[in-house]
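Peer 1: Below is a structure I'd like to ask you about.
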Amino acid sequence: MITNFLHHFDLPTCTTFMRKVHAALKPGGRAAIAELIPNPDRVTPPTAAAFSMMMLATTPTGDAYTFAELEGISKTAGFERVELAAPEIGLDRLVIAYR
């Protein structure tokens, strides 16, 4: 479970971290990523869009990543399949990356 962590870092750092997660999992293992995820337009939903602005202002390189960006990070790190779980978890969404 990776909860509200990736948004603190840039894409290359997230990819390096996810490679380590991938290596730590047994074949068939899964990584669950909980994050505030903006829609592709990056302005909806409003809370995720506002969070993206907060990351811009308060971290050197962080961002609120879209599902497509989280999927790209995970696949580049070696995960075979990446899914966005249907329900929201409070304000977060859950991304499942399959080894």
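The values are calculated or read from the model by the stated rules, or taken from the named source; none is laboratory data. Since we're looking at a predicted model, the values are computed, not measured. In this analysis, Cβ positions are derived from the backbone assuming ideal geometry, glycine residues included, and neighbour counts consider all displayed protein chains. The accessibility values were calculated without ligands, DNA or RNA, using every heavy atom of the protein model including side chains. Shrake-Rupley method; radii C 1.70, N 1.55, O 1.52, S 1.80 Å.
Peer 1: State the number of residues belonging to the stretch 43-99 that are under 22 Å from residue 28 (Cβ atoms) and in a strand (DSSP E or B).
Peer 2: Residues in the stretch 43-99 being under 22 Å from residue 28 (Cβ atoms) and in a strand (DSSP E or B): 9 in total.
Peer 1: Identify the single condition in (1) touching an Asp or Glu at 6+ places or on another chain (Cβ under 8 Å); (2) open to solvent by 50 Å² or more (accessible area, probe 1.4 Å); (3) at pLDDT 95 or above that residue 75 does not satisfy, given that it satisfies every other one.
Peer 2: Unmet for residue 75, out of (1) touching an Asp or Glu at 6+ places or on another chain (Cβ under 8 Å); (2) open to solvent by 50 Å² or more (accessible area, probe 1.4 Å); (3) at pLDDT 95 or above: (1).
Peer 1: Among the residues of the stretch 59-72, count how many are open to solvent by less than 30 Å² (accessible area, probe 1.4 Å) and under 14 Å from the mean Cα position of the chain (by Cα).
Peer 2: Adding up the residues that qualify gives 5.
Peer 1: Can you tell me how many residues within the stretch 22-40 are within 13 Å of residue 82 (Cβ to Cβ) and open to solvent by less than 30 Å² (accessible area, probe 1.4 Å)?
Peer 2: Within the stretch 22-40, residues that are within 13 Å of residue 82 (Cβ to Cβ) and open to solvent by less than 30 Å² (accessible area, probe 1.4 Å) number 5.
Peer 1: Further question on the same structure: Pull up the stretch 78-99, narrow it to residues that are among the β-branched types (Val, Ile, Thr) and under 11 Å from the mean Cα position of the chain (by Cα), then point me to the one that is most open to solvent (accessible area, probe 1.4 Å).
Peer 2: This residue is 96.
Peer 1: Follow-up. Given 56, 11, 6, which one is loosely packed, with under 13 Cβ neighbours inside 10 Å and touching a Gly at 6+ places or on another chain (Cβ under 9 Å)? Steps first, answer last, please.
Peer 2: Values: 11 fails: loosely packed, with under 13 Cβ neighbours inside 10 Å; 6 fails: loosely packed, with under 13 Cβ neighbours inside 10 Å.
Matching residue, one of 56, 11, 6: 56.
Peer 1: Which members of the stretch 14-40 meet the condition of being assigned to a helix (DSSP H, G or I) and within 12 Å of the chain's Cα centre (by Cα)?
Peer 2: Hits for the stretch 14-40 are 14, 15, 17, 18.
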